[in-house]
1. Please give the number of the condition B:Y394 fails out of (1) more than 7 Å from every other protein chain (Cβ to nearest Cβ); (2) out of contact with any Leu (no Cβ under 8 Å at 6 or more places or on another chain); (3) farther than 29 Å from B:L250 by Cβ; (4) surrounded by 24 or more Cβ atoms within 10 Å (Cβ to Cβ).
2. Tally time: how many residues in segment A:169-211 are more than 27 Å from B:Y247 (Cβ to Cβ) and either out of contact with any strand residue (DSSP E or B) (no Cβ under 9 Å at 6 or more places or on another chain) or assigned to a strand (DSSP E or B) (or both)?
3. Please enumerate the residues belonging to segment B:211-256 that are outside any helix (DSSP H, G or I) and surrounded by fewer than 22 Cβ atoms within 10 Å (Cβ to Cβ).
4. Here's a check for you: in segment B:281-290, which residue that is aromatic (F, W, Y) and in a helix (DSSP H, G or I) is nearest to the other protein chains (Cβ to nearest Cβ)?
5. Quick one: count up the residues across segment A:88-111 that are of a type in the set (A, V, I, L, M), surrounded by fewer than 15 Cβ atoms within 10 Å (Cβ to Cβ) and within 17 Å of A:G52 (Cβ to Cβ).
6. Could you check how many residues of segment B:113-163 are over 22 Å from the mean Cα position of the chain (by Cα) and within 30 Å of B:R189 (Cβ to Cβ)?
7. Take segment B:187-211 and flag every residue that is closer than 15 Å to B:G299 by Cβ and among the aromatic types (F, W, Y).
8. Which condition from (1) farther than 30 Å from B:Q375 by Cβ; (2) of a type in the set (A, V, I, L, M); (3) part of a loop (DSSP other than H, G, I, E, B) is the one that B:L430 breaks?
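Laboratory data are not the source of any read-out in this text; all were calculated from the coordinates shown. Being a predicted model, the structure only gives us computed values, none of them experimental. Every residue, glycine among them, receives a Cβ derived from its backbone with ideal geometry; neighbour counts consider all protein chains shown.
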Amino acid sequence: MRIPAAILTLITGMVLVLAGLWVGQNVNVLPVDASANAPVYDELFKVLFSIGTILFVGIVGLIAYSLVRFRRRPGDQSDGEAIEGNLPLEILWTAIPAVVVLFVGIYSYDIYDRMGGMAPLNDHSMHGMAHEERTWAGISPVSLDEESGITPLSVDVTAMQFAFIFHYPNAEITSGELHVPAGQPIALRMQANDVIHAFWVPQFRLKQDVIPGQPTLLSFTATRPGRYPIVCAELCGPYHGGMRSTVIVDEPETFQAWVNQNSPIASANNVTPVQS
Amino acid sequence: MTISLTPETQHSVSLQPQGWLRYLSFSTDHKVIGLQYLICGFIFYLIGGALAGAIRTELLTPISDFLPRETYNEVLTLHGTVMIFLWIVPVVNGGFGNYLIPFYVGARDMAFPRLNAVAFWLIPPAGLLLISSYFIASAAQSGWTAYPPLSITTPATGQIIWILSVLLLGGSSIFGGINFIATILKLRRPGLKLMQLPMYCWAMLGTSILVVLSTPVLAGTLVLLSFDIIAHTGFFNPSLGGNAVVYQHLFWFYSHPAVYIMVLPAFGLVSEILPVHSRKPLFGYTTMVYSIMGIVVLGLIVWAHHMFTSGTPPWMRLFFTIATSFIAVPTGIKFFNWLATMWGGRIALNTAMLFSCGFIVNFVFGGITGVALAQVPFDIHVHDTYFVVGHFHYIVYGGTVFVIFASIYHWYPKVTGRLLNEPLGKLHFLLTFIGFNLCFAPQHWLGLNGMPRRVAEYDPQFTLVNQLSSLGALLMALSTLPFLVNVVISAFRGELAGDNPWRALTPEWLTSSPPPVENWKGEAPLVHEPYGYGMQPEELALAGATGSELWRLGDPDRRP
């Protein structure tokens, strides 16, 4: 006896979903994760990758099947059945994508919240009341309140054609590369001198435009020691492709040693300029 | 519907050139104008393609060695501008729109034939202006987005010429949009209801609404930008107290709908092609119409998803994430309807059908990455990277350009009376499909792993994948050869097609091929069921002989 078409469809669907889930979980197309919010991002990526694989393979499969199964045989002049619509079916394929999209939207909102993206804008004003300069906030995965006990390491970032300059205000170090300790929240106070640049570290899954006239705060916590590229991601002129730098994530002790070695204050007074 | 054009046309017969010279004249015939758009657009496609070739050659190596850096930025700016404003928008709107819409509404020409000719003749000068800027001074270097302050600081001459050229093209687009709205709403043959129009009319109505609502915003923005450049005003210049992000909002208020201006007509064209070659009615006509209008409305309120990294407030990011994701719903409806149209049909595996199916595959891929990009946290990582480059080429090339080719194979017999060569067409499809996917699929990986867009040099670890991508681009370039050979040779030696080689029911086929001036000898046919395939002859409604019945009766296979 033939297996009923409904059962075959069900089995195909199940195989498809399982294959999609397997692909999402096991095919890795992302670079190494090196910040606290990278694993959160990767979680979202895996979900989207699974859903995308299921949809894409399913639709391509349907097309390939239709093209083979319903191809016109030579000499056949007949028409297909005059089916002009099917309301329940149309409602179904309106409702399912709507639910999927809503789920994805809410889920990514949750991810975004966990990455610190929903922090209100003016939480991070860095100045008093008078002649207040507004600061735009990028992703801030750590609480930057003084009360929380974690003191972020503050670094001033200046983006210009065609370089990033990093300045450590407490240690008075100015550097072309960003050195940060693993595990400590970093607050980048960024500004652009000339045109729009974007600060991107692929391994941190973080990007923030640096727009002239809009001092912007971006914070993150690096987790994995190593050297990662800093890439300018906004077209900024002829040498845009060469506007790259490096972020060096060190163990806290190594980082402290680097500070002591390079800071004019540290070498003069032998005090610890950066709290950790 | 005989309008007062008739005496005028007779009068102008002696003044207007005849034969092929018509195509170089200020003709007001919608079919001539449609072909003018198409051929002019294709020339610009070859230019834009050559520019893309220069980009992919530069990216063969991780260092900047093929072009000077300034030239590279000029090339990428010109490539984007030429492909969007001189190839896709004019061809998919002006080209096929002008050729088909009067047929579909049962009119003898567009509502404003002279405005129509003006709209076309704005394009060649604007294109020449844009390209000549490269040779005169230097072309614009700030990308097709022309974000200030970069566009204010790069050489002014090229940027101003770029603005002028885009303003002209925007004007042409608005003229066209007004003309389509007027034609579809006002020139319908009496007795033809809106919900009986072929789907391409709805697509063009939606597109034209978007054009008319959003293009003026781009025009105003570019005028302000030109003030910033010439008169040193400070609208978008932060050093003079302006705000660069405001420009981005205004720019994307046009340029996101522009994606739908490029893609909705393609949706319409595919909706015409699939039923004919599947021998089945278009599935879910009504939901198709509503989903087009849904895309139009949603398309206007999603622009800020291009600005998730530019310091937009969190609530705004959330709103634009949800709005953008929801475009997947009406778009999904259309795709499922197309699949259902094919299901159970008698599918002819010809080139038009293959390109249409290639479109579905590519666009579904581009749509999935699009929904992913709509998610703020996802976008923050891949914004302004090759992931985005891959994504939008899947939409505009894998989507729209595939449909343009499908449409050329489908309507070529209408225009010339001859069929295109099928083996050459299949070779064209195969090369395009493989080349396209080889070129753009690996770019998603590049973007995820750290390659930003618009760079002439990159991290050496990406060399191999970039070379693969360039190989794909080479295949795409080669794929135009069989196409060009096919189009030229078939025009003279192609198999004679007869008036209706596809046994189609839409009104453009219910006349001779090529059609006469004013489209029909005698009364225009009244087609109530443009997708009435699959009906049994005895089921024909006897109330009113429609054009579809006329040809059915003339077909020996279908005569009852």
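1. (3)
2. Taking segment A:169-211 first, the residues more than 27 Å from B:Y247 (Cβ to Cβ) are A:169-187, A:202-205.
Remaining after also requiring either out of contact with any strand residue (DSSP E or B) (no Cβ under 9 Å at 6 or more places or on another chain) or assigned to a strand (DSSP E or B) (or both): A:171-175, A:178-181, A:185-187.
Residues in segment A:169-211 being more than 27 Å from B:Y247 (Cβ to Cβ) and either out of contact with any strand residue (DSSP E or B) (no Cβ under 9 Å at 6 or more places or on another chain) or assigned to a strand (DSSP E or B) (or both): 12 in total.
3. B:A231, B:H232, B:T233, B:G234, B:F235, B:G241, B:G242, B:N243
4. Start the filter on segment B:281-290 by keeping residues that are aromatic (F, W, Y), which leaves B:283, B:285, B:290.
Those still in the list that are in a helix (DSSP H, G or I) too: B:285, B:290.
Numbers: B:Y285: 7, B:Y290: 10 Å.
Checking each candidate, the answer is B:Y285.
5. Here the count works out to 3.
6. 1
7. B:W202
8. Failed condition: (3).
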